[in-house]
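Computed from the coordinates by the stated procedures, all read-outs in this text should not be read as laboratory data. This structure is a prediction, so every number in the text was calculated from the model and none was measured. Because the Cβ atoms are built from the backbone with ideal geometry, glycine has one as well, and the counts that use them run over all protein chains shown.
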Amino acid sequence: MIPYFLCFTISLCFSFLSEQLLNKSRMFHHVFALCSVIIMAIFAGVRNLNIGGDMNTYVNSVFYSSSSSTSFHSALSVNPGIEFGYVGLNYAISKFTTNENVYLFILGLIVYGLTYIGFTQFRKFNQVTVSLFFYLMLLYCLTFTLVRQSISCTLVFLGIGLFINNKKKTAIVLVLSSGLFHSSGFVGISILFFLMILERIKQKAFKKIIILLIITSLMVYIFGDLILSFLVSHNLISLKFSSYLNEGNASMFNVTEGVSIGNLYRLFFIFLFFCIIRELKKNKIALFIFSIVVFDFIFTILAKGAMGLVVSRVSYYFTWLLPVAYGFPIRQAFNKQSKVIVYFVAGVIVIFVFIHVLLKSPVGVTGQQLYPYNSSIFDINN
């Protein structure tokens with residue numbers, strides 16, 4: 001467990017230094033931010049190749065077949081059912097290296113770099129270093145085991161941040177491209193569409209929309225099998241996505257249990273949003289962030305039974321926004337002295353989740369573990 005916390009501490013320190021220099025030295029601000037990203041990428045890159053649930057299926061096999069392919073078309077043909085963008089990324093990287101650890105490092109630079117840029121887009125809602133802390137505790141290890149979807153979720157996350165900052169064309173391109181890396185990318189498009197609608201409606205109508213979306217979520221859960229069969233039969237989503245129905249209850253967060261430690265902690269942060277109810281009434285973006293937190297909780301609770309893994313795949317797109325969402329009510333609602341206490345409580349909660357849910361639970365359908373962390377390159381063997 002020590003390697004994880006050592007990596008997190010160093011990365012957070014670089015991020016903190018970067019933010020302190022934001023208005024003093026732009027060069028060192030960017031250098032320290034880059035160092036924060038590099039630390040995360042190195043840690044992900046030097047891990048042993050049995051750490052992470054997607055390693056055998058979507059890293060070892062796809063990267064190996066791509067590196068041995070003579071053309072991109074050939075790489076696609078030997079990886080049927082794998083998304084176009086993910087195969088393309090593997091093929092491009094394989095032209096520079098055939099070392100899987102280097103591949104994981106480059107992949108880490110892309111994912112964590114785009115994520116960090118996303119944090120800066122939400123800076124007025126949450127401090128970058130605080131967002132990074134929540135990300136490291138709740139999502140960082142997910143990138144070890146959800147390799148394709150973590151890329152897709154990251155593109156959606158960054159796209160939403162850019163859209164909020166009126167960089168709408170780039171945002172739309174990023175969100176649309178998420179489907180090139182995982183077939184569940186349509187969820188991100190739905191979130192962006194929801195944000196677009198929210199920008200155009202009157203504040204008073206928002207409650208009705210929330211109720212409508214909750215009812216829609218329940219209907220999707222109840223009739224999920226029929227909906228999924230329809231989407232697959234009409235080639236609207238890949239057959240691979242439907243196969244999650246048959247993968248049992250394997251889930252990193254144990255979300256397929258419905259009510260568990262892995263999702264009940266969310267109630268604490270939902271409660272914090274009620275402390276800024278006035279802000280929610282007058283700020284549509286704040287209202288959007290709150291709705292993401294609520295829908296993440298709803299989908300996580302619904303993720304059980306036969307549809308559990310499918311619903312959990314949907315919920316990840318909401319979960320990916322939690323790092324910037326969780327710190328928002330703390331920043332808005334409390335004075336300086338109270339903030340320290342609330343931040344401390346929130347920190348203890350997510351550290352507890354990290355230790356007892358992420359590291360102690362089986363990961364993916366292969367049963368591969370994230371704990372203990374091992375790296376033959378750094379001679380870390382636990």
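Quote to one decimal, in nm, the extra length available between Q20 and F84 on full extension: 0.36 nm per residue of separation minus the C-alpha distance between them.
19.0 nm
Note down the relative contact order for region 69-164 as a percent, whole number, built from C-alpha pairs under 8 angstrom at least six residues apart.
Once divided by the residue count of region 69-164, the mean separation gives 27 percent.
Could you list the chymotrypsin sites (Phe, Trp or Tyr not before Pro) in region 88-171 that lie in coil according to DSSP, counting only those with at most 11 other Cβ atoms within 10 Å of their Cβ?
Sparse-neighbourhood loop chymotrypsin sites (Phe, Trp or Tyr not before Pro): F96.
Of the listed pairs K168/K284; K208/K339; K168/K339; K168/K282, which have alpha-carbon separations greater than 24 Å here?
K208/K339; K168/K339
Starting from the 7 Å offset along Cα-to-Cβ, what nm value, one decimal, do you get for the label separation of I2 and F193?
5.1
What trypsin sites (Lys or Arg not before Pro) does region 1-101 have in DSSP loop regions with at most 12 other beta carbons within 10 Å?
The qualifying sites are K24, K95.
Using amide H atoms built in the peptide plane, which far-off residues or other-chain residues are under 5 Å from I380 H to H?
HN-HN under 5 Å from I380: S375.
For region 1-102, which semi-axes, largest first and in whole Å, follow from the square roots of 5 times the eigenvalues of its Cα gyration tensor?
34, 17, 10
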